[in-house]
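Heads up, the thing below is written out as structure tokens.
The values are calculated or read from the model by the stated rules, or taken from the named source; none is laboratory data. This structure is a prediction, so every number in the text was calculated from the model and none was measured. Glycine gets a Cβ as well: all are built from the backbone with ideal geometry, and neighbour counts include every protein chain shown.
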Amino acid sequence: MPSTLTRMLAGDEATAALGAALAPLLSPGLSIHLCGPLGAGKTTLVRALLRALGERGRVRSPTFTLVEPYRAGGLELAHLDLYRFDGASEWVDAGFDEYLGGDTVSLIEWPERAAPLLPMPDLRIDIAVEGDARRATLVAHGARGDALLAALQARGTATEPPA
Ligand SMILES: Nc1ncnc2c1ncn2[C@@H]1O[C@H](COP(=O)(O)OP(=O)(O)OP(=O)(O)O)[C@@H](O)[C@H]1O
Ligand SMILES: [Mg+2]
């Protein structure tokens, strides 16, 4: 059974804090899927993660460019947003497989748009809108994801017990 961690995120700062907390736990090749409706806070989380890694440039949503590459904190990262995909085959057409299976850390918004072509990520972050707040559910797949969640929990502030 995958291990799971749930956090209530009371506002932008809490979403950003979760992103920043993930930053030091990343390692080459890790893949993270970010799921949730439009405006859930996926880009907000990734922006804070990149800032925590030391990225000083503008962190734009990849809504139109589909991918924004970064080199920060000793890592290569690719921030992808597949919302505008018409079908999973666009994943192949766009050549995005190059971001998987190597050293690049992939942070993918709207991964469901490329299902079933995308492999299971190490970590899936589901963000649900609950009134003015958000609920983040982090689901680990496999040993790397488990280790990441355990480390996050060990550092954690305001961490609820695992679901
Ligand atoms: N925990 C939170 N509580 C309330 N509002 C939040 C929270 N986290 C982020 N927000 C706000 O929600 C919005 C999230 O926008 P963002 O672009 O990050 O969403 P997204 O999930 O990337 O959307 P899209 O699917 O369009 O890419 C921002 O206005 C942000 O300030
Ligand atoms: Mg976004």
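Summed over the range 43-79, residues that are in contact (Cβ under 8 Å) with a residue 60 or more places away in the chain and either in contact with a Lys or Arg (Cβ under 9 Å, 6 or more places away or on another chain) or more than 10 Å from residue 19 (Cα to Cα) (or both) total 1.
Only one of the numbered conditions (1) buried (at least 17 other Cβ atoms within 10 Å of the Cβ); (2) within 10 Å of ligand 1 (Cβ to nearest atom); (3) aliphatic (A, V, I, L, M) is not met by residue 38, and that is (1).
Residue-wise test of (1) under 21 Å from residue 140 (Cβ atoms); (2) touching a strand residue (DSSP E or B) at 6+ places or on another chain (Cβ under 9 Å); (3) modelled with pLDDT under 95.
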| position | (1), (2), (3) |
| --- | --- |
| 79 | yes, yes, no |
| 86 | no, no, yes |
| 93 | no, no, no |
| 110 | yes, yes, no |
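Considering (1) within 11 Å of ligand 2 (Cβ to nearest atom); (2) free of Cβ contacts under 8 Å to residues at least 40 places away in the same chain, say which one residue 40 fails and leave the rest. For residue 40, the failing item is (2). Among strands (runs of 3 or more DSSP E) entirely within the range 61-133, having at least 2 residues that are of a type in the set (A, V, I, L, M), within 22 Å of residue 14 (Cα to Cα) and within 16 Å of ligand 1 (Cβ to nearest atom) singles out 105-109, 123-130. Residue 54 satisfies every condition listed in (1) surrounded by fewer than 17 Cβ atoms within 10 Å (Cβ to Cβ); (2) part of a helix (DSSP H, G or I); (3) more than 12 Å from ligand 1 (Cβ to nearest atom) except (2).
The single condition from (1) more than 13 Å from ligand 2 (Cβ to nearest atom); (2) buried (at least 18 other Cβ atoms within 10 Å of the Cβ) that residue 98 fails is (2). Within the range 6-25, can you find the residues that are surrounded by 21 or more Cβ atoms within 10 Å (Cβ to Cβ) and within 14 Å of the chain's Cα centre (by Cα)? Those that are surrounded by 21 or more Cβ atoms within 10 Å (Cβ to Cβ) and within 14 Å of the chain's Cα centre (by Cα): 15, 18, 19, 22.
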